[in-house]
Structures are given as C-alpha cells and as structure tokens.
1. Rounded to the nearest 0.05, what FRET efficiency do residue B:104 and residue A:114 give with R0 = 25 Å and r taken as the Cβ-Cβ distance? Could you check?
2. So which trypsin sites (Lys or Arg not before Pro) in segment B:1-81 end up in coil per DSSP with only 14 or fewer other C-beta atoms within 10 Å?
3. Do you know the relative contact order of segment A:3-113, to the nearest whole percent, from alpha carbon pairs under 8 angstrom that are 6+ apart?
4. If I model a spin label at residue B:72 and residue B:58 as a point 7 Å from the Cα along the Cα→Cβ vector, what separation in nanometres do I get?
5. Provide, for q = 0.11, 0.14, 0.15, 0.17 Å⁻¹, the log10 of I(q)/I(0) from a solvent-free Debye sum over equal Cα point scatterers in the protein assembly as shown.
6. What average number of partner chain Cβ atoms lie no more than 10 Å from the Cβ of the residues making up A:36-45?
7. What distance in nm separates the two pseudo spin-label positions at residue A:5 and residue B:116, each 7 Å out from Cα along the beta-carbon direction?
8. If you bin every alpha carbon distance in chain A into 10 Å steps from zero, what whole percent lands in each bin?
Amino acid sequence: MSLSELLAELTPVPGVRGALVVSREDGLVVADALMDDVDGKAVAALAASLAERMAGVTRALGQPEPLVWQLEGSDGILLAAPVPGGLLVVAVANPEVNVGELRLRVLHAAERAA
Amino acid sequence: MRSLEPWVEAPLTAFLTESGARLTLLMTGAGQVVAQHGFTRSLDVMSAAALGAGIMAATGELARVMTTVPFESVTHQGTALSLFLAGFDTPRGRWLALVVYGGETSLGLVQLFFGRMVEDLGRAAPAELPVQRVLAEDFEAQLNSSLRSLFGR
C-alpha cells in the first residue's frame, strides 16, 4: 500500500482537514492529502517537534512511547501516531470530528505504514 | 545578535527564538554581512560569509548547467550540526542566509520560521533608504566599522 493510499483512509472522515506522513527527525512532509487552507509544511514541522518533545517527556518518566498523541485546540484537533522507522502519521481535523473514529484510523494507518 | 541594519533585528530575533538555530548569518549576495548571531570571532564570520556565498554561487552555476531555475536553498545534514543555506529577496536586494542548527530543532522548523522571517523582513524594510556606494578608498574603513558593529568592539 502506498502512503497516498494510506492517507486516503483518513481523509473521508467528516471534519478531517488533512492527513500527512511526516519525517519525524526532519519535520518534513513525506506525503500529504490536505485541504487548500492547511499549511502542510507548518503542520509537519510543528507535529514532528511536538512528537519529539512529548517522546522526551515519556522517556524521562521511564515510560514507553505513546501510540498516539492528541492535541486539542479551540479551532481543531491534531492526532499524531509514530511509525517505527522514523515516520509520523498526522491528521488535522475540525473540533466536531468523531475523534474516536479518527483515532482508530490514525492508529491503523501507523500500523500499516510500519 | 548583532546587526548593521536596525530593522533586521526584530525579524531575526523572532526567527532565532522560534527555530532554535544556533548560528545565523545574513549577508548580501556579494557576501557582505548584514547581521549575525552566535559567531564570536570576526574571522569566523568573514570565512563563513565567503564560503556561504561561494556555495550559493556554485549551486547557481550548477542550476544553469542543468538548465533549471536557481536553487533556493541548500541543506547539509550532519550528525551533530546541520547547515541550511538559502537565498531570498528583500526590498534591499537579494540576500543570503546561513543557518547552523543542532538536534534540538529540525530542518522543517528552520525552513518554516525562515520563511516567516523573510516575510517579516519584507514588511520591516524601510521604504526608502539611501544607497551607499562603497568606494575603494573607503572600503577598509567601512569593513572595520561593520565588524565593530557586528562584534561590539
């Protein structure tokens, strides 16, 4: 399965504004499926930075790396799931999205990307 | 951070804060330094500026040979430190930026906030500034004056 096909499983969820596969170390976009108003480069850079910092926190606590990070803001939600090998599956959505369904799809996409 | 042009300071400071870059050098296309952060010796700045301008000139020539448009940026990825070198347009002409960053940040963040700095510089540039001609007899005095400004001595 290609990365584009992988992302195509996330974008049909109502409320999703885009999905990306991001290089975790560089914070660069590897593949994306985004609405026009979503700045993919910014999402990639900031999501990778967030993931690295949160991973640092869990390492400092002696805990294994989380399966998914969920960041909620007043205008939207960002979900990010690490993929072994240095990638990150990221989804950006409106606040009214079905978070449970999107979370499952992001986790599934991360498993399949591995 | 030291700058020859006061209006450069705010955009550069924001870039340094947001990107986490360790060293940054802004210079004209000819290699004349406009602002610097992180360098402690004038010799290092002059060498880095000359080498950075040389790399951009070389990649520009490579692009010409490949019959493509000039490359906008060059990245050298290292194990401990990496280098981001880019050309960009300002109201004062074409400038170059040399950014050195470590593992505490990423290329994506550096690129992201570099783009914002370029936009900020475009907005911050004074509408009209007198163009100073550099005459041969003034060159050394102006160079020394610039280095004093960039290193505070």
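1. 0.40
2. Working: sites: B:2, B:22, B:41, B:64; in loops: B:22, B:41.
Here the trypsin sites (Lys or Arg not before Pro) that fit, given the DSSP loop and packing criteria, are B:41.
3. Values: 206 pairs, mean separation 33.8, N = 111.
With pairs under 8 Å counted, the relative contact order is 30 percent.
4. Inter-label distance under the simple model: 2.3 nm.
5. -0.72, -1.00, -1.08, -1.25
6. Values: counts 0, 0, 0, 2, 0, 4, 7, 2, 5, 10.
So the per-residue partner count for this stretch is 3.
7. So the two model labels end up 3.8 nm from each other.
8. 16, 52, 29, 3, 0
Just so you know, all these numbers are worked out from the coordinates, no wet-lab data involved. The shown structure was predicted, so the numbers you read here are calculated from the model rather than taken from an experiment. Neighbour counts run over all protein chains shown; Cβ positions are idealised from the backbone, glycine included.
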